[in-house]
Amino acid sequence: MATTGEETFESQPQEGETRRDFLTLATGAFGAFGVGAAAWPLIDQMNPAADTLAASTTEVNLEPIQEGQRVVIKWRGKPVFITRRSEAQIEEARKVPISALVDPEKDEDRVQKPEWLIVVGVCTHLGCIPLGSKQGEKRGEYQGWFCPCHGSHYDTSGRIRKGPAPTNLPIPKYTFLSDKLVRVG
């Protein structure tokens with residue numbers, strides 16, 4: 001069979017374009033895989049370590065805590081004060097007028113269950129640990145906590161009442177798993 005020379009480029013099979021398309025697709029896929037493989041260690045290192053995740057929550061058995069007793073647990077390297085308040089302490093905290101507070105916050109807004117007060121035990125002035133969680137320690141003028149560093153006084157709801165601290169003791173995120181078990185964090 002002889003060719004006439006009149007055949008044009010368009011009439012010949014277009015294998016070059018098919019091969020070119022395949023090479024472009026393969027190169028793009030290989031490049032995307034390479035970028036993903038390079039980026040994965042950078043993204044993965046941003047996840048918290050296993051020991052950090054383990055410390056992010058703490059479960060506390062509330063059963064042994066007696067009325068009026070305070071315990072201190074450690075959560076994320078900070079002390080957390082857990083208080084089982086008496087009816088008298090709850091009533092006293094609730095009858096404080098909001099206008100008398102430096103950082104106005106109702107007692108009802110600071111607790112999930114009235115008898116249990118859970119606060120981070122770090123003074124909001126300069127980060128000292130207030131006294132008042134152990135027997136015999138000074139509790140301040142409002143029978144809550146007293147910061148020995150600069151004299152801040154907190155009430156039985158952890159609210160600042162006197163001294164240089166600008167805000168109340170912070171409330172950590174917590175969930176009651178049952179009547180006898182709470183998860184902080």
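The values are calculated or read from the model by the stated rules, or taken from the named source; none is laboratory data. Since this is a predicted model, take the numbers as computed values, not measurements. Using ideal geometry, Cβ is built from the backbone for each residue, glycine included, and neighbour counts are taken over all protein chains shown.
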Qualifying residue in region 4-26 (condition: at positive phi, assigned to a loop (DSSP other than H, G, I, E, B), surrounded by 10 or more Cβ atoms within 10 Å (Cβ to Cβ) and modelled with pLDDT under 90): no
Residue count for region 93-132, restricted to those that are in contact with a strand residue (DSSP E or B) (Cβ under 8 Å, 6 or more places away or on another chain) and acidic (D, E): 2
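Output the residues belonging to region 144-170 that are of a type in the set (V, I, T) and either crowded, with 17+ Cβ neighbours inside 10 Å or in contact with a Leu (Cβ under 6 Å, 6 or more places away or on another chain) (or both). Don't jump to the end; show me each part of the working.
Pass one, region 144-170, residues of a type in the set (V, I, T): 156, 160, 167.
Listed by number, the residues that qualify are T156, I160.
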Filter result (at pLDDT below 90 and surrounded by fewer than 15 Cβ atoms within 10 Å (Cβ to Cβ)) within region 109-130: L126, G127
Among (1) in contact (Cβ under 8 Å) with a residue 60 or more places away in the chain; (2) small (G, A, S); (3) surrounded by fewer than 16 Cβ atoms within 10 Å (Cβ to Cβ) - the single one S133 does not satisfy: (3)
Matching residues in region 106-161 - criterion: being within 20 Å of E91 (Cα to Cα) and assigned to a strand (DSSP E or B): W116, L117, I118, V119, Q143, G144, W145, H153, Y154, D155, I160, R161
Residue list for region 51-108, filter: surrounded by fewer than 13 Cβ atoms within 10 Å (Cβ to Cβ), free of Cβ contacts under 8 Å to residues at least 60 places away in the same chain and within 19 Å of K173 (Cβ to Cβ): T52, L53, A54, K74, G77, E108
Members of region 31-73 that are modelled with pLDDT of 90 or more and either touching a helix residue (DSSP H, G or I) at 6+ places or on another chain (Cβ under 9 Å) or in a loop (DSSP other than H, G, I, E, B) (or both): L62, E63, P64, I65, Q66, E67, Q69
Inter-residue pairs, beta-carbon under 8 Å, first aromatic (F, W, Y) and in region 149-162, second assigned to a loop (DSSP other than H, G, I, E, B), 6+ apart: Y154/P130; Y154/G132; Y154/G140; Y154/Y142; Y154/C147; Y154/A165; Y154/N168; Y154/L169
